[in-house]
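Trainee: Handing you this structure, nothing more for now.
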Number of protein chains: 2
Amino acid sequence: MRANASIESLSTARAQDAALRERARRVIPGGMFGHMNVASLPANYPQFFEAAEGCRLRDADGRHFIDFMCAYGPMIVGYRNPQVDEAALRQVSLGDLMTGPSARMVELAERLVALLPHADWALFQKNGTDATTLCVTIARAATGRRKVLVARNAYHGAAPWCTPYPSGVTAEDRTHLVYFDYNDLHSLQQAFESVRGDVAAVIVSAFKHDFGRDQQLPSAEFAQGVRQLCDAHQAALVLDDVRAGFRLDLRGSWEPLGVRPDLSAWSKAIANGYPLAFVSGNDAYREAATQVYATGSFWCGSVAMAAAMATLDVLAQHDAVAHMQRMGERLRAGLQSQAQRHGVGIRQSGPAQMPQVLFDDDPSFERGMLFTQVALEHGVYLHPRHNMFLSLAHTPADIDEALQATDLALGAVAARFGAGAATAGA
Amino acid sequence: MRANASIESLSTARAQDAALRERARRVIPGGMFGHMNVASLPANYPQFFEAAEGCRLRDADGRHFIDFMCAYGPMIVGYRNPQVDEAALRQVSLGDLMTGPSARMVELAERLVALLPHADWALFQKNGTDATTLCVTIARAATGRRKVLVARNAYHGAAPWCTPYPSGVTAEDRTHLVYFDYNDLHSLQQAFESVRGDVAAVIVSAFKHDFGRDQQLPSAEFAQGVRQLCDAHQAALVLDDVRAGFRLDLRGSWEPLGVRPDLSAWSKAIANGYPLAFVSGNDAYREAATQVYATGSFWCGSVAMAAAMATLDVLAQHDAVAHMQRMGERLRAGLQSQAQRHGVGIRQSGPAQMPQVLFDDDPSFERGMLFTQVALEHGVYLHPRHNMFLSLAHTPADIDEALQATDLALGAVAARFGAGAATAGA
């Protein structure tokens, strides 16, 4: 009786989400699509949210969570950041999409060119995939070549040429891709040699953030080697900064390594969730960028551009990168000490502000699933396989509150799977 | 002196636009990109707008225009429609992009499935090109085949597989396209036969709206023949309703012809300018739609979905399709009588609410350019080569005011090029 009552109260407590899922199942294939589909997350994860503010989510059933996914990256200065929303609403009261751009487009392009040392120009889109695809297309137009060198398992978008899942993709969509291994210059060199004279571009993520794997920062040697090989072969260095952009360095993620791309793809965090993407590039690729026909119905909308400028303001005013890094380190240190105390082996990898937390001896993510499930029960939204995201809205108090939940969650992992040797963080 | 003074006052009057263009030239390749680039329009066309309301635009220099482009389609119930903006702002105050969708996604999918007789489900994106590409990908996943039959000169988006301009495109991007002629069943049959057994889909626009050409409505025989050929060959009928959607028939543009697509691509007008696209499909393609990985950072944003539902409300409440048609017919009749009076041969084609106006004996569009230039001088924003758009915000008074400008503009064409035999409208 107790068990049944508990199950019932649990399911009643999540009645709205269940009802929405049932309705969605009828009118949306599979009930949900894409990267926000929670089908492979623990069963207590909500699919539908009602509201968000700062770093907190409220689901359809009124449960609150500290969010460490930040809408998978776009939220960077807090949900419903007043400064960003005010700029957006001011633009709504003038006009969003009109029969041409507004001055906001020029102002934002100027801001980006001033901010990004590699950039002489910018072009605007709506999806990260638009930006990566456009970089590749511009590189082909500029070089007159066809091949694109891509790191194995890297995610560069969901178009047929780059989607990680093959349904509906033809062999020809991938004909001109050649693979290398991230952080392995030798493999990149071999890739260049294998199609010598026909390499249009190398496309490379800011760091290695493959799904379900330990993250890896690029070594300086690798980043500089990519630049040298691109120069030697007169190919474009395309930096995919869609996921990491504005979280590692406002000037571009490889700037601290002293490496400047020819073309860079951006999206996600640029406008704190307002839909926007852009390509930045240097003068060598300006003419090709002029020739390529790149357009979309909403690409000149002014509201997202106004939101982007306000987001850049807030990021700079609050030294947001340093803040996100500090908050990420606070979380990382807390998790590390908790894991050691519970005798649970975890691996924390990548930049602290975009943390990946994986468990030792966890090939099918059972430990990670239990960990995130228990954390969610206690009000913290984590991801067992995808890298997570800190934001300017995460305060030390939020991190400490989250760590109370992770302590219980790591305790649950230790209780279920037994304590083992704890390993050091990355 | 007079001439110089006049040139100076003209250029002073457009100083803001000129200054913005000069700034844009430095930080945006070519100063502007895509379909909203006015480089090929008459020189007096503004590139930058400051504000919009109803069917009126205000450019960066404070000039006002009655707009017959409607942001190239997205604006359908008036710029800054209060009902739509209120729904959007209400959602902003809850949350736009969160770490999952809100109930708005389910509600909108239910609305669309109820509205569109062919549809059993819907999936959401941000660009029209996302929607057309996804239709093709789903069709390939469902059929296990590769070939896509496309009408010559039809526009289905700006991705490498479909962009009308070849810069940066590889041969392999088009390997699996086979061309036929719109409204020519025989050519479609030949296309099917040429790749028999390997046809995944026929993609076809709601009507023929090729750039710079007379428009053509589909004959019932053609539309029904497309359906029959797709059925006979077990290929998907993909209706590209991105441009025409919600202007010809709220149930889908081919519903009056009694022809239902398997998959349909939508964007532009669905949310009155808020960025949104969607694919609708029937149950035969549901499983394939579940398998295809389709996603984008902003695809689950709730604000555009809330705006879409309000747009559908407004469209239905005001019988907007009939209104747009009446306004289009009023414009068409006025232009026709003016052209006859001035002895200028024009051809008006396509549905009245999406009019194309071309001039006889005008292979390089000189007449069209002069016509639109003079109309613009008198406060009316037309297009010499692209189809135009009516909206719910266009009133009889707006049309009549616009016709005063077109009368002067047609007079100028007659004066410059001489009067000839006037031809009948389409």
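Nothing in this text is a laboratory measurement; each read-out follows from the coordinates by a stated rule. This one's a predicted model, so the numbers in the text were calculated from it and none came from an experiment. Quick reminder, even Gly has a Cβ in these numbers, built from the backbone with ideal geometry, and neighbours come from all protein chains shown.
Trainee: Quick one: longest stretch of chain B between exposed loop trypsin sites (Lys or Arg not before Pro), exposed meaning at most 12 other C-beta atoms within 10 Å and loop per DSSP?
Mentor: No qualifying site falls inside B:197-426, the longest such stretch.
Trainee: Hey, for B:SER194 with labels 7 Å out along Cα-Cβ, what do the inter-copy distances come to in nm, ordered shortest first?
Mentor: Those separations, rounded to one decimal, come out as 3.4 nm.
Trainee: Provide A:ASP319, A:ASP210 in ascending order of the number of other Cβ atoms located within 10 Å of each residue's Cβ, fewest first.
Mentor: A:ASP319, A:ASP210
Trainee: Sticking with this one: Hey, what did the range A:223-280 get for relative contact order, percent, Cα under 8 Å, at least 6 apart?
Mentor: Reported as a whole number, the value is 34 percent.
Trainee: Relative to the compact globular guide of 2.2 N^0.38 Å, what is the alpha carbon radius of gyration of chain B, as a ratio?
Mentor: 1.01
Trainee: Residues of B:363-373, mean number of Cβ from any other protein chain within 10 Å of their own Cβ, rounded to a whole number?
Mentor: 0
Trainee: Residues of the range B:147-178 with the amide nitrogen closer than 19 Å to a label point 7 Å from the Cα of B:ALA39, along Cα-to-Cβ, please.
Mentor: Under 19 Å, as judged by backbone N against the label point of B:ALA39, lie B:158-160, B:163-169 of the range B:147-178.
Trainee: Is the range B:251-312 rounded, prolate or oblate when judged by the Cα gyration tensor, a ≥ b ≥ c being the square roots of its eigenvalues, rounded requiring a/c under 1.5 and prolate requiring a/b larger than b/c?
Mentor: Taking the square roots of the gyration eigenvalues as a ≥ b ≥ c, the range B:251-312 is oblate.
Trainee: Now a separate question. Give me the angle, in degrees from 0 to 90, between the Cα long axis of helix A:128-143 and the longest principal axis of the Cα atoms of chain A, rounded to the nearest 10.
Mentor: 20 degrees
Trainee: Here's a follow-up. Which of A:ASP130, A:ASP67, A:ASP17 ends up with the largest GNM mean-square fluctuation for chain A, with Cα atoms connected below 10 Å?
Mentor: A:ASP17
Trainee: Taking chain A as a Gaussian network, where each spring joins two C-alpha atoms under 10 Å apart, which residue of A:MET327, A:MET105, A:MET36 fluctuates the most?
Mentor: Maximum fluctuation in the GNM of chain A, among the listed residues, is at A:MET36.
Trainee: A follow-up question, please. Between B:HIS64 and B:ARG25, what is the FRET efficiency for a Förster distance of 22 Å, r being their Cβ-Cβ separation, to the nearest 0.05?
Mentor: Result of the calculation: an efficiency of 0.30.
Trainee: So what's the Cα pair-distance distribution over the range B:82-317, bin width 10 Å, in %?
Mentor: 8, 33, 36, 18, 5, 0
Trainee: A:HIS378 label points, 7 Å along Cα→Cβ, one per copy: pairwise distances from this copy to the rest in nm, shortest first?
Mentor: 7.5
Trainee: Specify the residue with the greatest mean-square fluctuation among A:TYR79, A:TYR165, A:TYR285, computed from a Gaussian network of chain A linking alpha-carbon atoms under 10 Å apart.
Mentor: Checking each option, the largest mean-square fluctuation is seen for A:TYR165.
Trainee: If you bin the C-alpha pair distances of the range B:288-327 every 5 Å from 0, what whole percents do you get?
Mentor: 6, 18, 14, 14, 14, 12, 12, 8, 1
Trainee: Which residue, chosen from B:SER267, B:GLY343, B:SER297, occupies the Cα position most advanced towards the positive end of the dipole of the range B:256-350, where the dipole is computed from +1 (Lys, Arg) and -1 (Asp, Glu) charges on Cβ about the Cα centre?
Mentor: The listed residue farthest towards the positive side: B:GLY343.
Trainee: Could you size up the charge dipole of chain A around its Cα centre, putting +1 on the beta carbon of Lys and Arg and -1 on that of Asp and Glu, and report it in debye to the nearest 20?
Mentor: Roughly 580 debye for chain A.
Trainee: Just name one of A:VAL106, B:THR170, B:MET309: the one whose Cα is farthest towards the positive end of the charge dipole of the protein assembly as shown (beta-carbon charges, Lys/Arg +1, Asp/Glu -1).
Mentor: B:THR170
Trainee: Is there a simple number for the mean count of other chain Cβ atoms within 10 Å of the Cβ of residues in B:79-86, and what is it?
Mentor: 2
Trainee: Say R0 is 25 Å: what FRET efficiency, to the nearest 0.05, do A:PHE417 and A:ALA18 get from their beta-carbon distance?
Mentor: Calculated transfer efficiency: 0.30.
Trainee: Estimate the FRET efficiency between B:PHE211 and A:SER219 by the formula 1/(1 + (r/R0)^6), using the beta-carbon distance for r and 41 Å for R0, to the nearest 0.05.
Mentor: Efficiency for this residue pair is about 0.25.
Trainee: Take every residue in peptide B:30-40, count the Cβ atoms of other chains within 10 Å of its Cβ, and give the average of those counts.
Mentor: Other-chain Cβ atoms within 10 Å of each residue's Cβ, averaged: 6.
Trainee: Which value, in debye to the nearest 20, gives the size of the charge dipole of the range B:172-255 about its Cα centre, when Lys and Arg are +1 and Asp and Glu are -1 at the Cβ?
Mentor: 180 debye
Trainee: Further question: Quick one: with label points 7 Å out along Cα→Cβ, list the inter-copy distances for B:ASP214 in nm, shortest first?
Mentor: Relative to the other copies, B:ASP214 has label-point distances of 7.0 nm.
Trainee: Right, next: Mind checking the dipole of the range A:82-317: about its Cα centre, +1 per Lys or Arg Cβ, -1 per Asp or Glu Cβ, Debye to the nearest 20?
Mentor: For the range A:82-317, the charge dipole is close to 280 debye.
Trainee: To continue, here is another question. Does the range B:122-248 classify as rounded, prolate or oblate by the C-alpha gyration tensor (a ≥ b ≥ c root eigenvalues; a/c under 1.5 gives rounded; else a/b over b/c gives prolate, otherwise oblate)?
Mentor: Verdict is rounded for the range B:122-248.
Trainee: Still on this structure: Put one equal scatterer on each alpha carbon of the protein assembly as shown, apply the Debye formula with no solvent term, and list log10 I(q)/I(0) at q = 0.05, 0.06, 0.08 1/Å to two decimals.
Mentor: -0.27, -0.39, -0.70
Trainee: Right, another one. Extending each Cα 7 Å along its Cβ direction at B:GLN83 and A:LEU115, get the distance between those two points in nm, one decimal.
Mentor: Here the answer is 3.8 nm between the modelled labels.
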